[in-house]
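The values are calculated or read from the model by the stated rules, or taken from the named source; none is laboratory data. It should be emphasised that the depicted structure is a prediction, and the values quoted were computed from it without experimental measurement. Because the Cβ atoms are built from the backbone with ideal geometry, glycine has one as well, and the counts that use them run over all protein chains shown. Ligands, DNA and RNA are stripped out before the accessible areas are found, and what is left, the full protein with its side chains, is counted by its heavy atoms. Shrake-Rupley method; radii C 1.70, N 1.55, O 1.52, S 1.80 Å.
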Amino acid sequence: MNKKRAITACAGILLAGIVATGFYGWYSEHKKVEYLRSRVDEMEKQVMRSAVDRSVSAQMEDIANEQREISDEKREEALRQTRVANEMRQRSEVERLNALEAKRNAMESEKRALDASSVADEQRKVAEGQRKLAEEQRQLAEHQRIQAEFSRRKADSLSYIALGRSLGSISTIQARAGNDEIANLLSYASYLYTSRYHGDIYIPAVFQSLMQQSQSSHSWSEHIGAVMNVENMPANDKAIFSVSNYGEIIMSERMGDWLQTKTLFKNNRYDFRDLQVDPASGNIFAVSRTGHLVIVSNHFKNVSTVVLDKMVHPMRLHQFDEKTLWVIGESAIAEVNLKNFTVTDTKMFPFRVTLGSRKSGLPLLFDDQGMMHLVKSLENYDTQKVPVAGTVTAYCESKNTHSEAFGMSDGNIWLKNNAGKMLKLIGHRSRISKMKFNGRQLFSSSYDGSMNLWMTDKEKVDPITLFQADNWMMHFCFDSTKNTFWAGDVKGNLTAVNISVPIMVELIRKKLKRNLTTEEWNYYIGQDVPYEPFVGNQGNTIRP
């Protein structure tokens with residue numbers, strides 16, 4: 001048993017050895033096969049890489065061949081550019097040499113030019129001197145031409161201005177002879193030539209002709225007594241108020257050539273001397289020499305009377321402010337309250353008042369001792385000597401020029417300018433009753449029946465008679481436009497006088513019906529003056 005077991009064991013061991021040896025051999029071969037197979041795969045990959053490398057190498061060789069060809073072309077191009085550069089360098093050298101030659105030539109030319117410039121400068125200076133001399137001669141000739149032209153124009157202007165004055169005088173003569181048609185034509189021509197050549201329209205011959213032919217004045221008999229004062233209604237150029245020494249207060253409103261009047265108060269026991277219109281309330285104040293103050297209020301519906309005690313011969317009114325009215329008499333001044341129309345105070349003067357006027361918005365009083373007093377309050381007034389000898393019957397001042405005018409009882413007027421220089425104006429023959437400035441114009445009225453205009457800015461101040469009546473002119477005022485003044489006389493007449501040159505010219509222009517004939521032109525104006533019509537073909541007047 002043991003032997004079989006041993007043989008079996010040996011056989012098993014042998015078989016196990018054979019199996020182990022066979023498995024080892026198989027495993028070894030399998031490993032070898034696996035190795036060979038991996039080698040084959042690797043060789044195949046190497047073959048493939050070699051093929052790719054050969055392909056890449058072939059491509060790179062092709063590229064290298066192309067690059068070599070390009071490089072050869074560039075080298076040839078570089079050689080060509082080198083040859084071109086060498087040629088350009090040679091040309092540049094030639095040009096540089098030429099430039100140097102040109103520079104030398106330029107320097108020589110510049111030197112010659114400088115030499116020529118010096119000569120040219122000398123010649124230019126000579127030419128400039130000759131040009132300046134010629135310019136001076138030309139300017140002198142031009143100046144002489146302008147002077148000659150100016151002298152000719154001045155002579156022509158003076159000639160035409162003189163013609164205007166002459167035509168104005170002839171117009172006045174023809175009007176007095178009753179030849180109104182030719183008088184109108186000559187008056188229009190007088191204005192035309194005077195204004196066209198900048199002459200003075202206010203020369204008496206021209207201005208009076210315009211006033212005469214325009215029929216600038218209209219008179220109406222409205223008062224029974226002498227008109228002592230005339231005042232306009234503010235902001236109404238047609239309405240005026242007037243008072244008389246017969247106790248009348250009348251409101252008048254002009255309607256063309258007709259005067260519409262309304263009697264606001266009438267009592268012949270009163271002797272009115274002054275009139276005041278309150279622009280704020282529209283109340284009318286009239287002071288009577290008898291010592292009464294009459295007030296027309298409530299749109300002319302109510303009339304009240306204030307007795308002025310202690311007042312002797314009241315003559316002047318002055319509205320101090322909206323609440324206070326001053327009444328001035330020969331020996332006292334009274335204060336009236338405008339709210340209740342009562343006398344609140346009365347102060348006596350140590351002098352006798354002969355004339356009441358206004359200066360700087362305050363009452364200016366003249367006495368019988370040759371003194372004048374500027375009243376600042378009932379208790380305060382400045383006194384100084386009147387700068388002229390004689391009796392002052394009218395006074396006015398100009399706020400623009402600061403001139404003063406003193407009208408005298410003998411008809412003379414003393415004009416005092418802002419420097420204190422006195423000028424005597426002679427033109428009236430009797431007492432000066434009223435004066436008023438309007439800019440450079442001084443208006444005056446007199447008991448000789450005349451209204452005069454004085455142009456105070458002239459070296460020689462001559463009067464221009466605006467209106468002449470047979471009665472004493474007592475007072476006047478302007479309307480709100482200052483185109484018309486209203487005058488009252490001792491016979492109770494009211495006269496409206498237009499003083500606006502444009503209005504006068506327009507009135508004359510409308511009256512022209514024909515032109516001057518050639519014969520009339522040559523006779524009145526002259527053959528040397530070019531003929532011109534004053535009226536058009538359709539009857540329209542040619543405006544200046």
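Quick look at the numbers
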| quantity | calculated |
| --- | --- |
| Matching residues in the range 425-439 - criterion: being over 20 Å from Ser357 (Cβ atoms) and surrounded by fewer than 18 Cβ atoms within 10 Å (Cβ to Cβ) | Ile426, Arg429 |
| Residue within the range 211-219 that is closer than 30 Å to Phe272 by Cα, part of a loop (DSSP other than H, G, I, E, B), more than 31 Å from the chain's Cα centre (by Cα) and not basic (Lys, Arg) present | yes |
| Residue list for the range 185-202, restricted to those being in contact with a helix residue (DSSP H, G or I) (Cβ under 6 Å, 6 or more places away or on another chain) and either within 15 Å of Ser500 (Cβ to Cβ) or open to solvent by 10 Å² or more (accessible area, probe 1.4 Å) (or both) | Tyr191, Tyr197, Gly199, Ile201 |
| Pair list, Cβ under 9 Å, 6 or more apart: the range 77-97 residue touching a residue at least 24 places away in the same chain (Cβ under 8 Å), other residue open to solvent by 100 Å² or more (accessible area, probe 1.4 Å) and hydroxyl-bearing (Ser, Thr, Tyr) | none |
| Any hit, the range 289-312, residues being under 22 Å from Ser433 (Cβ atoms) and in contact with a Lys or Arg (Cβ under 6 Å, 6 or more places away or on another chain) | yes |
| Residue match in the range 444-452 (condition: touching a residue at least 60 places away in the same chain (Cβ under 8 Å) and closer than 22 Å to Ser209 by Cα) | no |
| Some residue of the range 166-173 being modelled with pLDDT of 90 or more, closer than 26 Å to Asp462 by Cβ and not in a helix (DSSP H, G or I) | no |
| Residue, most open to solvent (accessible area, probe 1.4 Å), within the range 484-509, restricted to residues that are under 13 Å from Ser187 (Cβ atoms) and touching a residue at least 24 places away in the same chain (Cβ under 8 Å) | Leu507 |
| Condition check for Glu181: in a helix (DSSP H, G or I), under 21 Å from Gln208 (Cα atoms), at pLDDT 80 or above and open to solvent by 60 Å² or more (accessible area, probe 1.4 Å) | yes |
| Any hit, the range 282-297, residues being open to solvent by less than 20 Å² (accessible area, probe 1.4 Å) and within 37 Å of the chain's Cα centre (by Cα) | no |
| The range 280-339, subset basic (Lys, Arg) and at pLDDT 95 or above, residue nearest to Asn245 (Cα to Cα) | Arg289 |
| Residue that is nearest to Ile333 (Cα to Cα) [pool: residues in the range 374-391 that are touching a residue at least 24 places away in the same chain (Cβ under 8 Å) and aliphatic (A, V, I, L, M)] | Leu378 |
| Test: residue in the range 376-389 that is more than 25 Å from Asp278 (Cα to Cα), open to solvent by 30 Å² or more (accessible area, probe 1.4 Å) and in a loop (DSSP other than H, G, I, E, B) | yes |
| Filter result (among the hydrophobic types (A, V, I, L, M, F, W, C), in a strand (DSSP E or B) and open to solvent by 30 Å² or more (accessible area, probe 1.4 Å)) within the range 226-264 | Met228, Met233, Met251, Met255, Trp258 |
| The range 458-479, subset of a type in the set (Asp, Glu) and without any contact (Cβ under 8 Å) to a residue 24 or more places away in the chain, residue farthest from Ser409 (Cα to Cα) | Glu459 |
| Residue match in the range 348-371 (condition: in a strand (DSSP E or B) and more than 27 Å from Arg431 (Cα to Cα)) | yes |
| Subset tally (residues that are within 17 Å of Ser297 (Cβ to Cβ) and of a type in the set (A, V, I, L, M)) for the range 240-271 | 5 |
| Residue tally, condition of a type outside the set (S, T, N, Q), closer than 12 Å to His428 by Cβ and open to solvent by 10 Å² or more (accessible area, probe 1.4 Å), over the range 440-468 | 3 |
| Selection within the range 461-479 - β-branched (Val, Ile, Thr) and within 33 Å of the chain's Cα centre (by Cα) | Val461, Ile464 |
| Search result, residues across the range 394-414 that are more than 38 Å from the chain's Cα centre (by Cα) and either open to solvent by 10 Å² or more (accessible area, probe 1.4 Å) or hydrophobic (A, V, I, L, M, F, W, C) (or both) | Met408, Ser409, Asp410, Asn412 |
